[in-house]
Amino acid sequence: MSVLVDFITIEELGSAPEIGAVSVNALARAVRRPYRWLRRTAAHLLFERRYGVRTSEVVDLEEFGLAGDERVYYVAATWNSLRRTLPRREVGGDDVFIDLGSGMGRMVLEAAWRYPFRKVIGVELSGRLNDIARRNITGTRLRLRCPDVELVHSDVLDYEIPEDVSVVFLNNPFRGETFATVIRRLLATVDRNPRRVTVIYYNPAEEEFLLSTGRFRHTGTVKARPDAERDSPFGWIKTYTVTGRAGDQDR
Ligand SMILES: C[S@@+](CC[C@H](N)C(=O)[O-])C[C@H]1O[C@@H](n2cnc3c(N)ncnc32)[C@H](O)[C@@H]1O
């Protein structure tokens, strides 16, 4: 999206004189972040309005009486997170996508809209968020390539991961033992039904556990937010492939 402020970019200000005690460069640096954030937020809202979708809110699970130490609140991944991490040529008609902790369904929508998945699944703890996701799917003006979308209202701990899932999306949905249990169960499905599985982990706060299993190979990293900092997991998206059975060589 282009707005009037783009007319003069911050970079074009170059090395500029001091105005009182504050240099124009310092001023430019101070406004750059909020300006980018505003521009991105406005672009998301315009996109959602155009396509009849509502996912751009932040919701504390406390509001629904669902808060828990290991459960992370609702905030959507940025639109285009899949486009930036999952090449379309890597998805075929046998592939199944799952978003564990799918919230209002933004990534479920992006998956069903952009890719020819056989099936797209979202699993969400909150019935209220899941209802909004359902309305987003049925009411959107986006043309979905994958018509088979299943939205499951469940605690991920009560949900059995299907054995044909091949792309797993996680936007830092849960932490600690919940995360570890889900990853162990995912690996057990690969052991029972050996197959290629890609994991896309947005804000990979539990990467250390993931890698400690010895079963995930890191395949890529992209910035989700321009202000992401190198020593923090937040603001990054990392991709991994699951390797074969425990003890097997990388496939
Ligand atoms: C950071 S949001 C991500 C939403 C969505 N994946 C996206 O990127 O747009 C995390 C979501 O995980 C859900 N969640 C947290 N704990 C969960 C659990 N135990 N089972 C299922 N969902 C859970 C929250 O309700 C919230 O909607």
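Whole-Hz Karplus values for region 196-204 come out as 7, 10, 9, 10, 10, 10, 9, 6, x Hz, taken residue by residue from phi with 6.51 cos²θ - 1.76 cosθ + 1.60 and θ = phi - 60°; glycine and proline positions read x. Protection proxy ranking for 96-107, 200-211, using the average of other Cβ atoms within 10 Å per residue and placing the highest first: 96-107, 200-211.
If R0 is 30 Å, the Cβ-Cβ spacing of Arg175 and Ser23 corresponds to a FRET efficiency of close to 0.10.
In the chain, Cα pairs under 8 Å separated by at least six residues give a relative contact order of 15 percent. In terms of other Cβ atoms within 10 Å, Glu150, Glu160 run from fewest to most in the order Glu160, Glu150. How far, in degrees from 0 to 90, does helix 127-139 lean away from the longest principal axis of the Cα atoms of the chain, to the nearest 10? Helix 127-139 sits roughly 80 degrees off the main axis of the chain.
The distance separating the Cα centre of region 186-214 from that of region 139-156 comes to 23 Å. Highest average first, the peptides 112-121, 83-92 ordered by how many other beta carbon atoms sit within 10 Å of their residues are 112-121, 83-92.
Bear in mind these aren't lab numbers, they're just calculated from the coordinates by the rules spelled out. What you are looking at is a predicted structure, and each value in this text was computed from that prediction instead of being measured. Reconstructed Cβ throughout: ideal geometry from the backbone, glycine too, with neighbour counts over all protein chains shown.
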